[in-house]
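The values are calculated or read from the model by the stated rules, or taken from the named source; none is laboratory data. As the structure is a computational prediction, the values presented were derived from the model and not from experiment. No Cβ is skipped: glycine too gets one built from the backbone with ideal geometry, and neighbour counts run over all protein chains shown.
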Protein chains: 2
Amino acid sequence: MNTKDRVLMASLKFFLIQGYENTTLSMIADEVNIKKPSIYYHFKSKEDLLFNSIYFIINNLEEKINHSVTKFVSPKDQLQSFFECALDFNTNLSIMIGNDFNHPINFITIFQLYSNRFNALSEKIDTYYKNISTILEEIIDTGQKNGLIKGSIDKNIAVLDIISRVEGLIAISTLYKSVDMKNKRNQLYENLWLSLSSEKPQSKTKKFFEYKNIGLGRKW
Amino acid sequence: MNTKDRVLMASLKFFLIQGYENTTLSMIADEVNIKKPSIYYHFKSKEDLLFNSIYFIINNLEEKINHSVTKFVSPKDQLQSFFECALDFNTNLSIMIGNDFNHPINFITIFQLYSNRFNALSEKIDTYYKNISTILEEIIDTGQKNGLIKGSIDKNIAVLDIISRVEGLIAISTLYKSVDMKNKRNQLYENLWLSLSSEKPQSKTKKFFEYKNIGLGRKW
DNA sequence: GTCTATACGGAGATAGAC
DNA sequence: GTCTATCTCCGTATAGAC
């Protein structure tokens, strides 16, 4: 990695862990083993570092999510892949910047706080949401055509529902500390899929009757 | 309102709108029409103002949510009341501090950023989540006993699911700007209720058959 | 490209009068 | 309780040598 990239990565690390204002250029310089004024050769100001840090996060996130979906063909797998990719992104980012997990990060916070400072960023974030909305709509669409997802589902609402669940889980995983989210993820995804799936829920105790039920319904 | 409260409210306003570090004691003093050193008569430091601001928010939130649930008896109404109260809290807070809505706020951000600085606060937030979890569990429990909510629902998971949806909606309402959340709230709540409700979904076109279906199922 | 030296401003906080 | 005056520190940023 060249100096410029190392400076950017160090900035990203500090901004995410301790916030923009609590990070000084001296800290960044020390981390990269250069002197403070050298930073100005690569970036024109501290705010320029902030801009590029946030830009880096969104690009990375967008890329990973796009990639996660193309790995599968069935709507259920695609949706699960999206769900896990989005939830893992925060953890992966933490590992990438070399965070020691004593200070849990939440990349959405930095969006909330600073994206409004730069029009380019708040537009980019809006575009990101539009993109993942399109991806999710297509997944639902395919699922509906294949009969795997209820035809009655309103795509727009379902998309918002999915995105909000994912964002919400990221948020509470750093705030609601006495709950271990890792163990509940699969069940939360299953809940999500159940709300879309056109299959009748087959609770174990009632399987027999439920099945009959459907059979008779079709007959009539 | 006495000077102390006015200082606290002004701090809260600035902290929420522009963040803690971007707020100076001079700004707060100007807003209250006093001089900077007078603040130190009421609060021992800037950080003390932060602590009290966050404490105020959690207390207020907890109180409003507790109250919202007691206004209703049926699980469906209680849940809807909870849902709306949580979503409205951010807006109401914005109005309370006299925000002009040019700078959308998100009270969860301030939790994410600063609660870890004070053990008392991160414990209080955890307690808050435990409390609303208990409230939601009781609602689901009543619903299951009355037969309104599916008996097969895992309460723990359902509670996390509800909380994450609410938090997620608050988050994306400030980031995903090209979507108007207000118009979709009812549908999002209906989705939530449908995922819990023990009633068969009655899509309008299939109502007749669905009804027969249930009838026959019972007979058998 | 990276450095040393330094300018400049503004932040939080205190002393002590009224 | 609130003020004026002031302290001290440390931040970003620049000038200019190597």
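Okay, here's what the table says:
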quantity	calculated
Residue match in region B:134-141 (condition: farther than 29 Å from residue A:90 by Cα, at pLDDT 95 or above and touching a Leu at 6+ places or on another chain (Cβ under 9 Å))	yes
In region B:185-201, the residues that are more than 17 Å from the chain's Cα centre (by Cα) and charged (D, E, K, R)	B:190, B:199, B:200
Residue A:72 vs. criteria within 14 Å of chain B (Cβ to nearest Cβ), more than 16 Å from DNA strand D (Cβ to nearest atom) and farther than 21 Å from residue A:2 by Cα	no
Failed item, numbered, when residue A:100 is tested on (1) touching a helix residue (DSSP H, G or I) at 6+ places or on another chain (Cβ under 8 Å); (2) without any contact (Cβ under 8 Å) to a residue 40 or more places away in the chain; (3) more than 19 Å from residue A:163 (Cβ to Cβ)	(1)
Breaking point among (1) in contact with an Asp or Glu (Cβ under 9 Å, 6 or more places away or on another chain); (2) modelled with pLDDT under 95, for residue B:169	(2)
Matching residues, region A:70-86, being surrounded by fewer than 20 Cβ atoms within 10 Å (Cβ to Cβ) and touching a helix residue (DSSP H, G or I) at 6+ places or on another chain (Cβ under 7 Å)	A:71, A:72, A:76, A:80, A:81, A:85
Residue in region A:9-32 that is surrounded by 14 or more Cβ atoms within 10 Å (Cβ to Cβ) and away from DNA strand D (no atom under 16 Å from the Cβ) present	yes
Subset of region B:2-55 [outside any helix (DSSP H, G or I), near DNA strand C (Cβ under 10 Å from one of its atoms) and away from every other protein chain (no Cβ under 14 Å)]	B:35, B:43, B:44, B:45
Residues that are surrounded by fewer than 21 Cβ atoms within 10 Å (Cβ to Cβ), touching a Lys or Arg at 6+ places or on another chain (Cβ under 8 Å) and either facing chain A (nearest Cβ under 8 Å) or without any contact (Cβ under 8 Å) to a residue 12 or more places away in the chain (or both), drawn from region B:103-161	B:122, B:126, B:144, B:156, B:157
Residues of region B:21-38 satisfying the condition of being aliphatic (A, V, I, L, M) and more than 26 Å from residue A:113 (Cα to Cα)	B:34
Extreme residue, farthest from residue B:109 (Cα to Cα), among residues of region B:1-60 that are aromatic (Phe, Trp, Tyr) and out of contact with any Ser or Thr (no Cβ under 6 Å at 6 or more places or on another chain)	B:41
Answer residue from region A:33-58, given it is more than 9 Å from DNA strand D (Cβ to nearest atom), within 27 Å of residue B:18 (Cα to Cα) and aliphatic (A, V, I, L, M) and is surrounded by the most Cβ atoms within 10 Å (Cβ to Cβ) among those	A:54
Cβ-Cβ under 8 Å pairs, at least 6 apart or on other chains, region A:37-62 side more than 15 Å from residue A:89 (Cα to Cα), far side among the β-branched types (Val, Ile, Thr) and more than 9 Å from DNA strand D (Cβ to nearest atom)	A:38/A:3; A:39/A:7; A:42/A:3; A:42/A:7; A:43/A:7; A:49/A:7; A:53/A:110
Residue match in region A:190-212 (condition: part of a helix (DSSP H, G or I), facing chain B (nearest Cβ under 7 Å), surrounded by fewer than 17 Cβ atoms within 10 Å (Cβ to Cβ) and modelled with pLDDT under 85)	yes
Subset of region B:87-102 (residues that are within 13 Å of chain A (Cβ to nearest Cβ) and exposed (fewer than 14 other Cβ atoms within 10 Å of the Cβ))	B:101, B:102
Check on residue A:83, closer than 30 Å to residue A:198 by Cβ, within 14 Å of another protein chain (Cβ to nearest Cβ), away from DNA strand D (no atom under 11 Å from the Cβ) and aromatic (Phe, Trp, Tyr)	yes
Considering residues of region B:45-80 that are over 30 Å from residue B:147 (Cβ atoms) and of a type in the set (Gly, Ala, Ser) only, the residue nearest to the chain's Cα centre (by Cα)	B:53
